[in-house]
Amino acid sequence: IDDKNGNWLSCFPESFTSLEVLNFANLNNDVNIDALEKLVGRCKSLKTLKVNKSVTLEQLQRLIVRAPQLCELGTGSFSQELTCQQYSELKRAFNNCKSLHTLSGLWVASTQYLEVLYPACTNLTFLNFSYAPLDSEDLSKLLVHCPNLRRLWVVDTVEDKGLEAVGTYCPLLEELRVFPADPFDEGVAHGVTESGFIAVSEGCRKLHYVLYFCRQMTNAAVATVVQNCPDFTHFRLCIMTPGQPDYLTDEPMDEAFGAVVKNCTKLQRLAVSGSLTDLTFEYIGRHAKNLETLSVAFAGSSDWGMQCVLYGCPKLRKLEIRDSPFGNAALFSGLGKYESMRSLWMSDCKVTMNGCRFVAQERPRLNVEVINEEGGDDSRAERVYIYRSVAGPRRDAPPFVLTL
């Protein structure tokens with residue numbers, strides 16, 4: 001977000017003291033640090049403070065001295081030059097944050113300053129480093145001080161060695177998200193593999209939520225992970241090269257996701273990726289009886305795959321499909337289910353306009369929206385969004401959205 005004024009923090013009146021949450025982490029511009037200090041200092045009920053990368057370490061120290069009661073802190077840039085005294089004051093300020101349980105930010109992090117966080121790590125339950133490209137050594141040194149961590153978000157620059165540290169030092173971990181530093185650069189040397197995934201599952205047996213971006217995976221590795229952690233409720237594996245098979249056996253990844261739905265009976269959300277045939281969706285329809293959300297991309301062989309899911313998953317609420325070979329027959333198989341679902345999204349599949357019109361005609365209580373780009377095939381439905389609504393069709397749809 002770009003701030004065109006910069007004085008918004010000065011707009012809070014002096015009498016205003018009830019602020020509990022202040023989050024401007026995604027604001028690009030500099031802020032009025034004097035106004036921010038005064039606001040933070042007089043709002044004694046402030047529990048969450050997330051600043052942007054324009055806030056320096058010295059400024060951050062002055063802020064948290066005024067708000068030692070913070071429970072959630074999002075830091076700014078972590079790379080300025082500090083004197084020995086400034087470093088000691090910053091470390092002392094973090095040591096006084098006894099209630100801190102969530103830490104995020106570190107937009108730009110220098111290794112020598114990460115140690116100031118150690119005193120505040122004991123009670124941390126959530127570390128969000130999704131903007132901080134730490135390496136494995138920095139992450140390992142930090143996690144030693146985080147015995148109570150339940151949630152961890154990192155960038156894949158931590159590599160497998162960093163994930164091995166997660167398995168070693170975070171036995172209570174319940175949620176792990178590993179994001180790609182550069183998802184579009186296929187020549188990237190760093191990243192995480194099946195080795196790091198297995199290491200986490202061996203040390204974090206309470207893990208039940210995973211979002212894992214990687215460039216390679218095997219069926220055997222996924223089977224091992226879900227055997228170690230059978231209580232997954234959310235399993236989102238994103239192999240970044242579309243349609244990539246098991247890189248060791250060259251087999252489809254069907255057995256990997258078959259192992260997930262067979263072992264994880266509490267599964268509510270699943271995202272599949274890699275080379276997949278209809279067998280994956282047969283497994284899902286047969287075993288994923290508590291599944292509520294399914295995300296599919298570049299997968300499947302025929303309409304039968306989607307039909308298996310719609311017929312077999314009684315609790316399905318949200319189905320998202322893109323770049324898959326499902327057409328009208330698959331779409332029609334959900335006619336008895338869409339009114340009990342929250343939504344269906346299909347993009348770049350084989351659905352036609354006539355198919356969408358048929359659904360709209362058969363189920364008039366559903367909103368059926370088609371989004372087509374100019375100059376495309378008029379008979380084809382490029383993007384289809386079907387959802388239920390007691391209010392009927394929406395009135396704010398832009399011109400390129402056709403409501404049937």
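The values are calculated or read from the model by the stated rules, or taken from the named source; none is laboratory data. From a predicted model like this one, the values you see are computed outputs, not experimental measurements. So basically every Cβ, Gly included, is an ideal-geometry build from the backbone, and we count neighbours across all protein chains shown. We work out accessible area using only protein heavy atoms, side chains counted, and drop any ligands, DNA or RNA first. Shrake-Rupley method; radii C 1.70, N 1.55, O 1.52, S 1.80 Å.
Have a look at Gln227, Gln244, Gln307 and point out the one that is open to solvent by 30 Å² or more (accessible area, probe 1.4 Å), part of a loop (DSSP other than H, G, I, E, B), out of contact with any Pro (no Cβ under 7 Å at 6 or more places or on another chain) and in contact (Cβ under 8 Å) with a residue 24 or more places away in the chain. Please lay out each step first, then the result.
Values: Gln227 fails: part of a loop (DSSP other than H, G, I, E, B); Gln307 fails: part of a loop (DSSP other than H, G, I, E, B).
Criteria check complete, one pass: Gln244.
Name the residue that is farthest from Ser295 (Cα to Cα), counting only residues in the stretch 358-392 that are open to solvent by less than 30 Å² (accessible area, probe 1.4 Å) and of a type in the set (Asp, Glu).
Within the stretch 358-392, the match that is farthest from Ser295 (Cα to Cα) is Glu369.
With farther than 13 Å from Met306 by Cα and either among the small types (Gly, Ala, Ser) or at pLDDT below 95 (or both) as the only criterion, which of Glu339, Glu369 stands out? Break it down into steps so the answer makes sense when it comes.
Numbers: Glu369 fails: either among the small types (Gly, Ala, Ser) or at pLDDT below 95 (or both).
When all the criteria are applied, what remains is Glu339.
Checking the structure you have, find out if any residue of the stretch 306-320 is among the hydrophobic types (A, V, I, L, M, F, W, C) and within 22 Å of the chain's Cα centre (by Cα).
yes
I'd like to verify a number: residues in the stretch 336-357 that are open to solvent by less than 80 Å² (accessible area, probe 1.4 Å) and not in a strand (DSSP E or B), how many?
12
Of all the residues that make up the stretch 247-283, how many are of a type in the set (A, V, I, L, M), over 18 Å from Ala297 (Cα atoms) and either open to solvent by 10 Å² or more (accessible area, probe 1.4 Å) or touching a residue at least 40 places away in the same chain (Cβ under 8 Å) (or both)?
2
Evaluate the following for Gly274: is it in contact with a strand residue (DSSP E or B) (Cβ under 8 Å, 6 or more places away or on another chain), on the phi > 0 side of the Ramachandran plot and either not aliphatic (A, V, I, L, M) or not in a loop (DSSP other than H, G, I, E, B) (or both)? Even if it seems obvious, please write down each step before you answer.
On the way: in contact with a strand residue (DSSP E or B) (Cβ under 8 Å, 6 or more places away or on another chain): yes; on the phi > 0 side of the Ramachandran plot: yes; either not aliphatic (A, V, I, L, M) or not in a loop (DSSP other than H, G, I, E, B) (or both): yes.
It is true that Gly274 is in contact with a strand residue (DSSP E or B) (Cβ under 8 Å, 6 or more places away or on another chain), on the phi > 0 side of the Ramachandran plot and either not aliphatic (A, V, I, L, M) or not in a loop (DSSP other than H, G, I, E, B) (or both).
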